[in-house]
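Data block below; observations after.
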Amino acid sequence: MKLTPLCTIGVLAVVSLLGCSNPSDTDDDSATNAAQDTTTLRFSYYWPATSNMSKEVFEPWAKQIETDSDGRLKVELYPSATLSKPEVTYDAAVKGTVDIGSQAHGFTSGRFPLTQIAELPGLSSSATQMGCILQTLYDEGSIASEYEDSHLLFMYGAGPGALHSTNKLIQTPEDMQGMRIRHPSSVAANIIESMGASPVGLPVNDVYTSLQRGVIEGLSLPWGAIDTFKIGEITKYHTNIPFYSSAAMVTMNKDKYERLPDDLKRIIDNNSGMALAKKVGEILDAEDKSAVQNAKDSGHEIIEIPDPLNDPDWRDPLENGTQKYLADVNALGLDADGVYEKAKAASAACRV
């Protein structure tokens, strides 16, 4: 078949174009472009943007993730529960409404019954110890089943919760009779109820206004959070008694994690686990010490009950609350007693 001059020119032009394009170069360019794509992770948490948790933990963590990934991962921070309510943040991460979430376990009553065994009195005396206990229990598999629907990044814990009130100093359990006390979890609620008070469940973000309006007369909360959430402006009486410790976590949507390339998964993994649990603990322990001093400097009235499990006034309510919680979890068909023994072993190993 003969080609006309016009057709010949057209064919030569196509061949010329093809000859100038190296398929391997095209593949390399596509791979490079794909590698440079940025994955944005939305991180929701209840801590205010002004809190040390936000400024000293979550912000540096987000920057480290971005640095280690050469900008391929970017973490957008949403403090003060602006993207998800405190009590549903874990489920929001599971469903993908948020990519990463931090929630205190006690915000969702009954959702993490085995994990909250670590909150029982006598196990932890500091945020650092509490975080270590929680992460140990997760790493050894004792509580891992409660997080199978998400990709857990790290656990952390607060320092021991104290009692703070607006109208009177609580010196014995009898002083709590009939009081409405905000509780952070079912563990603390059992103990507060065993003292004759009425436990009221509230997210920490709602405590300030509830105290102002008289909805509650007091609360249980770690010292550092008293300053973080400005609650010391209203509560002038403090019973420094370590009768529970709060557990919390940072978790990630499972599908979002699984879709990441292996090298980006490693970056997430390298910025997770025990090192983060201990870092948070050190920051929160320093907060607690500062908050106690601030209360003293402000002329607040404080009573110290450092060892309530050996105090004749407080021992029985604390033991009753502990046994009730363990019995309730056992009734669910879970090995509460076994996890409690492992929590005690972790407590001893994590003592600082």
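The values are calculated or read from the model by the stated rules, or taken from the named source; none is laboratory data. Fair warning: this is a prediction, and the values are worked out from it, not measured in the lab. Quick reminder, even Gly has a Cβ in these numbers, built from the backbone with ideal geometry, and neighbours come from all protein chains shown. Side chains included, ligands, DNA and RNA excluded: accessible areas come from the protein's heavy atoms. Shrake-Rupley method; radii C 1.70, N 1.55, O 1.52, S 1.80 Å.
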Query raised in the report: modelled with pLDDT of 95 or more and open to solvent by 20 Å² or more (accessible area, probe 1.4 Å) - does that describe any residue in region 97-104?
Result: yes
Query raised in the report: Is it the case that region 219-241 has a residue that's in a helix (DSSP H, G or I), touching an Asp or Glu at 6+ places or on another chain (Cβ under 6 Å) and surrounded by fewer than 22 Cβ atoms within 10 Å (Cβ to Cβ)?
Result: no
Query - Sole exception among (1) buried (at least 22 other Cβ atoms within 10 Å of the Cβ); (2) within 20 Å of Leu77 (Cα to Cα) for Asp269, by number - result: (1)
Query - The lone exception for Lys278 - which of (1) exposed (fewer than 14 other Cβ atoms within 10 Å of the Cβ); (2) farther than 22 Å from Ile192 by Cα it fails - result: (1)
Requested in this report: State whether one or more residues within region 271-289 are part of a loop (DSSP other than H, G, I, E, B), small (Gly, Ala, Ser) and out of contact with any Lys or Arg (no Cβ under 9 Å at 6 or more places or on another chain).
Outcome: yes
Query - region 326-352, residues that are assigned to a helix (DSSP H, G or I), within 12 Å of Leu114 (Cβ to Cβ) and aliphatic (A, V, I, L, M) - result: Leu326, Val329, Ala336, Val339, Ala343
**Report entry** Residue that is surrounded by the fewest Cβ atoms within 10 Å (Cβ to Cβ), among those in region 68-96 that are of a type in the set (Gly, Ala, Ser) and under 26 Å from Ala127 (Cβ atoms)
**Finding:** Ser80
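Conditions (1) touching a residue at least 24 places away in the same chain (Cβ under 8 Å); (2) of a type in the set (Gly, Ala, Ser), marked per residue:
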residue: Ser69; (1), (2): yes, yes
residue: Ala81; (1), (2): yes, yes
residue: Ser84; (1), (2): yes, yes
residue: Val88; (1), (2): no, no
residue: Asp99; (1), (2): yes, no
residue: Ser102; (1), (2): yes, yes
residue: Thr108; (1), (2): no, no
residue: Gln116; (1), (2): yes, no
residue: Glu119; (1), (2): yes, no
Requested in this report: Show the residue pairs that are 6+ apart or on different chains and have beta-carbon atoms under 8 Å apart, the first residue being within region 243-266 and farther than 23 Å from Gly201 by Cβ, the second being of a type in the set (Phe, Trp, Tyr) and open to solvent by less than 30 Å² (accessible area, probe 1.4 Å).
Outcome: Lys265/Tyr257
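Among the residues of region 242-253, write down those that are under 18 Å from Phe112 (Cα atoms) and touching an Asp or Glu at 6+ places or on another chain (Cβ under 9 Å).
Hits for region 242-253 are Tyr244, Ser245, Ser246, Ala247, Met252, Asn253.
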Query - Hits in region 144-191 (condition: open to solvent by 10 Å² or more (accessible area, probe 1.4 Å), out of contact with any strand residue (DSSP E or B) (no Cβ under 6 Å at 6 or more places or on another chain) and under 14 Å from Ala118 (Cβ atoms)) - result: Ala144, Glu146, Ser186
Report task. Read through the list (1) among the hydroxyl-bearing types (Ser, Thr, Tyr); (2) out of contact with any Asp or Glu (no Cβ under 6 Å at 6 or more places or on another chain); (3) in a helix (DSSP H, G or I); (4) more than 26 Å from Gly333 (Cα to Cα), then give the number of the only condition that Tyr138 fails. Result -> (4)
Query raised in the report: Name the pairs: first residue in region 209-226 and among the polar types (S, T, N, Q), second residue in a helix (DSSP H, G or I) and surrounded by 22 or more Cβ atoms within 10 Å (Cβ to Cβ), Cβ to Cβ under 8 Å, at least 6 apart or on different chains?
Result: Ser220/Ala188; Ser220/Ile192
Query raised in the report: Out of (1) among the hydrophobic types (A, V, I, L, M, F, W, C); (2) crowded, with 22+ Cβ neighbours inside 10 Å; (3) in a loop (DSSP other than H, G, I, E, B), the odd one out for Val215 is which?
Result: (2)
Query raised in the report: Quick check: anything in region 317-336 in contact with a Pro (Cβ under 8 Å, 6 or more places away or on another chain), of a type in the set (Asp, Glu) and either closer than 19 Å to Pro242 by Cβ or open to solvent by 80 Å² or more (accessible area, probe 1.4 Å) (or both)?
Result: no
